[in-house]
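Chemist: Quick one: structure below, then a few questions.
Where a number appears in this text, it was derived from the coordinates with a stated rule and is not lab data. The structure displayed is predicted, hence computed values, not measured ones. Cβ coordinates were reconstructed from backbone atoms using ideal geometry, including for glycine residues, and neighbour counts include every protein chain displayed.
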Amino acid sequence: MPISLTLPFTSSDVNALQLGDMVSISGDLLTGRDQAHKWLYEQICRGSDHRDKEDAHVLDAIQPILQDGLIYHCGPIVSGHETGNYRFISAGPTTSMRQEPYQSAIMRHFKMKGVIGKGGMGEKTLNACKTLPAVYFHAVGGAAALAARAVIEVLNVYKLEFGLPEALWHIRVVDFPAIVTIDAHGNSLHDEIQTRSKSVLESLL
């Protein structure tokens, strides 16, 4: 049975999770992929004196979503653009490693408790997970329509000028399925698999 988790998370929630744990996540979270992460990173580095009013408003709006919360590496297919009655048609994960240059700074700034994505992340994010604490959840690729069923409501959207897949979507999910592949104790299932695979390859060669 998967472990049921409700956002926002506590440090105890994430510290109790171990590699390979199957979880079921419910609550509010934010989606964001390449352009959103680059923009967030630049906003954090530039500081409040250089932000325009619109960007400052967005950062204030997403702070309570991300604090003790999650960002989902996802470029959704969304219907209802003409009416504003948005609905996720597809919500599969995108490759997380592209966010590695930005992720740890964003996690620390917003005091996040984790990330959902695909394929794992690098040393900087691993270290952020240890110190915050936080975890990395691997969402199943190739099941984008199934993932969209867990999105029961689109609550808001920010930076729509980036385009529908690249915007920051504030969504509510119920029983979103994922697997813990980087825990809050410095362990990475991705690193373990890579090490084992390298060993097997060397033995074959």
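Chemist: Please work out the C-alpha center-to-center distance from segment 101-119 to segment 56-95 and express it in whole Å.
Modeler: Going from one Cα centre to the other spans 15 Å.
Chemist: How much of the DSSP bridge set in the chain is antiparallel, in percent, rounded to the nearest 5? Let's see the in-between values first.
Modeler: Numbers: 22 of 36 bridges.
Counting DSSP beta bridges with both partners in the chain, the antiparallel share is about 60 percent.
Chemist: Something else about it: From the phi of every residue in segment 120-133, what ³J(HN,Hα) in whole Hz does the Karplus formula 6.51 cos²θ - 1.76 cosθ + 1.60 yield, where θ is phi - 60° and glycine or proline is x?
Modeler: Each residue's phi maps through the Karplus curve to give x, 9, x, 5, 5, 5, 4, 5, 5, 5, 5, 8, 6, x Hz.
Chemist: Once you have the Kirkwood Rh of segment 103-171 from its Cα pairs, apply Stokes-Einstein at 37 °C and 0.692 mPa s and quote D in µm²/s.
Modeler: Stokes-Einstein gives a translational diffusion coefficient of 238 µm²/s.
Chemist: Spin-label point model (7 Å from Cα, Cβ direction): what's the T131 to S4 distance in nm?
Modeler: It is 3.6 nm.
Chemist: Considering the values (1) 14; (2) 21; (3) 54, which represents percent of Cα pairs over 29 Å apart as calculated for the structure under consideration?
Modeler: For percent of Cα pairs over 29 Å apart, the calculated option is (2).
Chemist: Only sites in a loop by DSSP and with at most 14 other Cβ atoms within 10 Å count here; which GluC sites (Glu not before Pro) in segment 1-100 make the cut?
Modeler: On the way: sites: E42, E54, E82; in loops: E82.
Those that pass, being in a loop and sparsely packed, are E82.
Chemist: Give the lysines whose C-alpha is closer than 18 Å to that of K159, dropping any in the same chain fewer than 8 places away, or say none.
Modeler: K38, K53
Chemist: Is the C-alpha gyration tensor of segment 1-116 telling us rounded, prolate or oblate? Criteria: a/c under 1.5 is rounded; beyond that, a/b larger than b/c is prolate, otherwise oblate. Could the numbers behind the result be given before it?
Modeler: Details: a/c = 1.74, a/b = 1.21, b/c = 1.43.
Judged from the Cα gyration tensor, segment 1-116 comes out oblate (a/c at least 1.5, b/c at or above a/b).
Chemist: To continue, here is another question. With a 10 Å radius around each residue's Cβ, average the other Cβ atoms per peptide and rank 176-187, 13-24, highest first.
Modeler: Values: 176-187: 20.8, 13-24: 16.1.
The packing order, highest mean first, is 176-187, 13-24.
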